[in-house]
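Everything on this sheet refers to the single structure shown next.
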Amino acid sequence: MVSIHVDLEELEWRLGSAKYGPVAVHEGDEVIQSAVLSDRRKEGGGLALLSKVSPPPGKVVKIVSVARSDEHVFNLEGGRGTKSGQLVRAASDYTLNTKGQVHSALIGTETLSLVIYRGEPDENISFEVVDATPASEEL
């Protein structure tokens, strides 16, 4: 097989509303997008993509999913946070969600991640844009 090369300047970003429905749109703006880097599932391989989450000011994007295959997530910018939107896992952090694992993310800041699935992508349980909780209420 030949190498796969993708020009990042030419990526086609897919709107999150195509996957998550209207809940992925807040006041007319898409809050999540993805761009496929490679998809080798038909050959028995996996799927690699970039995921961009853009929470509106004062909001947190809450995603709950179950891994249908091992999911590797490497944050390039931003990262996972708390209910108040404060970062707890920042850029350069890595997470592995193993097949069958129910997992969630709270994202309160612009985040770009490289996501690699060993096979099929996650099954999404819920996707919400919620008000950020004041940090004093998190304690």
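The values are calculated or read from the model by the stated rules, or taken from the named source; none is laboratory data. From a predicted model like this one, the values you see are computed outputs, not experimental measurements. A quick note on method: Cβ atoms are made from the backbone with ideal geometry, for glycine too, and the neighbour counts reach across all protein chains shown. What goes into the accessible areas is simple: the full protein's heavy atoms, side chains included, and nothing from ligands, DNA or RNA. Shrake-Rupley method; radii C 1.70, N 1.55, O 1.52, S 1.80 Å.
Computed quantities for the displayed model
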quantity	calculated
Qualifying trypsin sites (Lys or Arg not before Pro) in segment 1-50, DSSP loop, other Cβ atoms within 10 Å at most 16	Arg40
Förster-model FRET efficiency, 41 Å R0, Lys42 and Thr82, C-beta, rounded to 0.05	0.55
Solvent-accessible heavy-atom area per residue, rounded to whole Å², over segment 33-84 at 1.4 Å	44 Å²
Additional length obtainable on full extension of the chain from Ile4 to Thr95, 0.36 nm per residue less Cα span	30.3 nm
In nm, spacing of pseudo-spin labels at Asp131 and Arg118 (7 Å Cα→C-beta vector)	4.2 nm
Within the accessible area of segment 1-68 (1.4 Å probe), percent carbon and sulfur	49 percent
Stretch gain in nm, segment Ala18-Val102, where the contour uses 0.36 nm per residue and the Cα spacing is subtracted	28.0 nm
Pairs of Cα atoms farther than 19 Å apart, the chain, %	52 percent
Sparse-neighbourhood loop sites, GluC sites (Glu not before Pro) in segment 1-72 - DSSP loop, at most 13 other Cβ within 10 angstrom	Glu12, Glu27
Restricting segment 1-86 to chymotrypsin sites (Phe, Trp or Tyr not before Pro) in coil, as DSSP defines it, with at most 16 other Cβ within 10 Å	Trp13
